[in-house]
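The values are calculated or read from the model by the stated rules, or taken from the named source; none is laboratory data. Treat the numbers as computed from the prediction; the structure is a model and nothing was measured. Cβ placement follows ideal geometry from the backbone for every residue including glycine, while neighbour counts extend to all protein chains displayed. With ligands, DNA and RNA removed, areas are computed over all heavy atoms of the protein, side chains included. Shrake-Rupley method; radii C 1.70, N 1.55, O 1.52, S 1.80 Å.
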Amino acid sequence: EAKNLLPYLGPNKMRDCFCTINLDQEEVYRTQVVEKSLSPFFSEEFYFEIPRTFQYLSFYVYDKNVLQRDLRIGKVAIKKEDLCNHSGKETWFSLQPVDSNSEVQGKVHLELKLNELITENGTVCQQLVVHIKACHGLPLINGQSCDPYATVSLVGPSRNDQKKTKVKKKTSNPQFNEIFYFEVTRSSSYTKKSQFQVEEEDIEKLEIRIDLWNNGNLVQDVFLGEIKVPVNVLRNDTSYQAWYLLQPRDNGNKSSKTDDLGSLRLNICYTEDYVLPSEYYGPLKTLLLKSPDVQPISASAAYILGEICRDKNDAVLPLVRLLLHHDKLVPFVTAVAELDLKDTQDANTIFRGNSLATRCLDEMMKIVGGHYLKVTLKSTLDEICESSKSCEIDPIKLKEGDNVENNKENLRYYVDKLFSTIVRSSMSCPTVMCDIFYSLRQMATQRFPNDPHVQYSAVSSFVFLRFFAVAVVSPHTFHLRPHHPDAQTIRTLTLISKTIQTLGSWGSLSKSKSSFKETFMCEFFKMFQEEGYIIAVKKFLDEISSTETKESSGTSEPVHLKEGEMNKRAQGRTRIGKKNFKKRWFCLTSRELTYHKQPGKDAIYTIPVKNILAVEKLEESSFNRKNMFQVIHTEKPLYVQANNCVEANEWIDILCRVSRCNQNRLSSFHPSAYLNGNWLCCQETSENTPGCKPCTAGIPADIQIDIDEDREIERIYSLFTLSLLKLQKMEEACGTIAVYQGPQKEPDDYSNFVIEDSVTTFKTIQQIKSILEKLDEPHEKYRKKRSSSAKYGSKENPIGKTSE
């Protein structure tokens, strides 16, 4: 959310605001517009992989303008190095002004030389040679690559000689390779010496200044940054070269007071892992995958990780993904849930806590249940979010002119529609969810043999309370809607969600009255207190917790995977013979990739997934466009430009995954396009020439879900390392328990740990520590290599990196 934004000066002080997330200046996400507010509440969450190097993660707050370009009110820019300091914390940041100075990014590669020249009259003078080689990572201008050029100046007390490079078109990484010569004036005290030496008095006062500009053609040129290099860097050498980070101008208004532009509240979670080659992770992987078979389960490596992590959720995601990947999640969750049941005294509170078992199940349902939610809820949720029907039934919150009876009918219509699609959806429920629900049901019946309803409540507490009800109240979190809904829609969804979850638990517990605190909800719920609802809930819970094999019709429908607007290069030629780029709506299912003129329109072009031979990045030089990729199939390659690097990465990733089992997949490809009779990459003239570069390695086909398991294990290694002190305390606790068998006199450090078998737990901890020590070595080697190899002034570690 933002607060205290600058108001308009006119009578209408409010603004229509939205916020964007940018890697440097490249926009990767934007929120919806919050209208007429100076303290807009966005409440939007974005998760993405970062596919390239970057200097800043930036957040821009905009004022929406219908007729002109949207106005940038201010921004928050966080350096990559500082992201870890803010990770996991909620922070208010002051908005900073947006001008060409604050937008500076990128680096310059420069070489300086001093030559000694003898003039025609025999005097000796010095010539300074400035070789401006290249720039890297210049900002985008209005979302496009810039047209950069550089001015090179020799500046001193009594001189300012300026020269200029050529303009490079449409590139953020221009290769200038231009050399400029400046005569360096000598002082009168200069006497010729046998050995070349630069006199410090002159050199101290001279500096080379390089300014980068975007060529504006018909509009004003935009400043992109500058560097200043004192010529005395050559004091001891005749040649000097280095990479420099571009800096704002000296008068960058850092000290001058600016208006208070307002503040932005952000919660950022940033992780960065160095993933080693697969062979290093063998022992830790084996130990973690043995977890479901360890007796008792509390002595397993996976359970111990959950015990020692400061936040259990940190451990849950990599654990669930790894165990799902190897088809080990069902036995692990079953064993951990059994441990939960030992401590449950009341059947009505079964699986209501936030334990390792319930969190693993929540995460599993998010990972495997995405498509299930889409086919079950999306069409009805779209209808609710896109209609303006009022469903408010709280007398206190009713607006003037609202009819409570009409609102009740609206709400009932939506509840009935969602409820009926849910209870008829068992055929779409993923097998792994059904398997776990079956195990939970069996365990609950054994734990409470005299309660006939517990077999249902064990399942409904997950599928209704933690799955459907949560997705209904926040559809954007489950990718069912693109943005956080508006206030009225949130209220409607909240009322529907409350009713749905109560119907699920009420039907499963067969209670005679509902659990609502509000009188108006109790009154409304009376509409649903019919035997038919209870029967429908029980039938649905029976079906999703059964071990019977699902009919194939449940999976015959194509799975919707991704959609969005991108640019694609024309497959044919235009009338004037030139191929152009057009915006199209792309849609990918498990069967085909299609593109359309607009969402919902008939497909213009279809590529069956089985015909995809490779999906690879396309070099920027092919069409002078960033974020391009190619879909190579049985006909001509399809060239597509995504809107940003994150989107391009996601499309390439999902297209590779969906086509990874295809026969005849290519082993090599052309990284550039075939234009004007030859391939730009290898200059071969035949369009059918085999590729000149090996294809990116695909994912093996025989896995449960598509993950990078090395990366998940690296994350688990990092979590164990961060929690090493707690692991040692747990080890000490095991030793204490094993030695001292008497009654516990006072709470100890280890009273927080679940230790059922101290000897087995102790052995597992010893194994974990031994594996961590072995993994520490290659990590330390990498850290040393990185710090020693990135010399100050190199491209990886440019001069000026730590300066503000």
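Couple of notes before you dig in:
- Unique match (being at pLDDT 90 or above and open to solvent by 80 Å² or more (accessible area, probe 1.4 Å)) among Lys769, Lys781, Lys791, Lys763: Lys763
- Flag for Ile203 being at pLDDT 90 or above and of a type in the set (Val, Ile, Thr): no
- You will find that of Pro292, Pro318, the residue that is over 30 Å from Lys3 (Cα atoms), touching a residue at least 60 places away in the same chain (Cβ under 8 Å) and part of a helix (DSSP H, G or I) is Pro318 and no other.
- Within region 373-424, considering residues that are closer than 26 Å to Ile534 by Cβ and part of a loop (DSSP other than H, G, I, E, B), the one most open to solvent (accessible area, probe 1.4 Å): Arg424
- Residue in region 167-175 that is open to solvent by less than 30 Å² (accessible area, probe 1.4 Å), of a type outside the set (Gly, Ala, Ser), at pLDDT below 90 and under 19 Å from Lys795 (Cα atoms) present: yes
- Given (1) under 16 Å from Leu588 (Cβ atoms); (2) among the polar types (S, T, N, Q); (3) open to solvent by less than 30 Å² (accessible area, probe 1.4 Å), number of the condition Asn649 does not satisfy: (3)
- Here the condition is being of a type outside the set (Phe, Trp, Tyr), in a strand (DSSP E or B) and open to solvent by 90 Å² or more (accessible area, probe 1.4 Å); of Glu45, Glu27, Glu35, Glu81, it holds for Glu35 alone.
Yes or no, residue by residue, for (1) at positive phi; (2) crowded, with 17+ Cβ neighbours inside 10 Å; (3) touching an Asp or Glu at 6+ places or on another chain (Cβ under 9 Å):
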| site | (1), (2), (3) |
| --- | --- |
| Gln127 | no, no, yes |
| Ile132 | no, yes, yes |
| Gln144 | no, no, no |
| Ala150 | no, yes, yes |
| Ser158 | no, no, no |
| Thr165 | no, yes, yes |
| Asn177 | yes, no, no |
| Glu183 | no, no, yes |
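- Members of region 300-329 found to be open to solvent by less than 30 Å² (accessible area, probe 1.4 Å) and more than 23 Å from the chain's Cα centre (by Cα), listed by number: Ser300, Ala301, Ala302, Tyr303, Ile304, Leu305, Gly306, Glu307, Ile308, Leu329
- Filtered residue count, region 277-299, keeping only those that are of a type in the set (Gly, Ala, Ser) and open to solvent by 60 Å² or more (accessible area, probe 1.4 Å): 1
- Residue-level analysis places Pro97 among those that are open to solvent by 20 Å² or more (accessible area, probe 1.4 Å), modelled with pLDDT of 90 or more and farther than 30 Å from Arg481 by Cα.
- Flag: Lys89 does not match the condition of being more than 30 Å from Asp161 (Cβ to Cβ) and surrounded by 13 or more Cβ atoms within 10 Å (Cβ to Cβ).
- Qualifying residues in region 330-346 (those that are of a type in the set (S, T, N, Q) and buried (at least 17 other Cβ atoms within 10 Å of the Cβ)) - the one modelled with the highest pLDDT: Thr334
- Qualifying positions in region 652-665 - crowded, with 20+ Cβ neighbours inside 10 Å and either farther than 13 Å from Val609 by Cα or charged (D, E, K, R) (or both): Ile652
- If the condition is being more than 23 Å from Arg625 (Cβ to Cβ) and more than 33 Å from the chain's Cα centre (by Cα), then region 660-685 contributes only Thr685.
- Region 10-24, residues that are part of a strand (DSSP E or B), under 27 Å from Glu49 (Cβ atoms) and touching a residue at least 40 places away in the same chain (Cβ under 8 Å): Phe18, Cys19, Thr20, Leu23
- Residue count, region 347-372 (criterion: surrounded by fewer than 19 Cβ atoms within 10 Å (Cβ to Cβ), under 27 Å from Ser300 (Cα atoms) and at pLDDT below 85): 4
This table checks each residue for (1) closer than 21 Å to Gln144 by Cα; (2) in a strand (DSSP E or B).
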site	(1), (2)
Arg584	yes, yes
Lys601	no, no
Ile604	no, yes
Lys626	yes, no
Glu647	yes, no
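- Matching residues, region 2-24, being surrounded by 16 or more Cβ atoms within 10 Å (Cβ to Cβ), modelled with pLDDT of 85 or more and at positive phi: none
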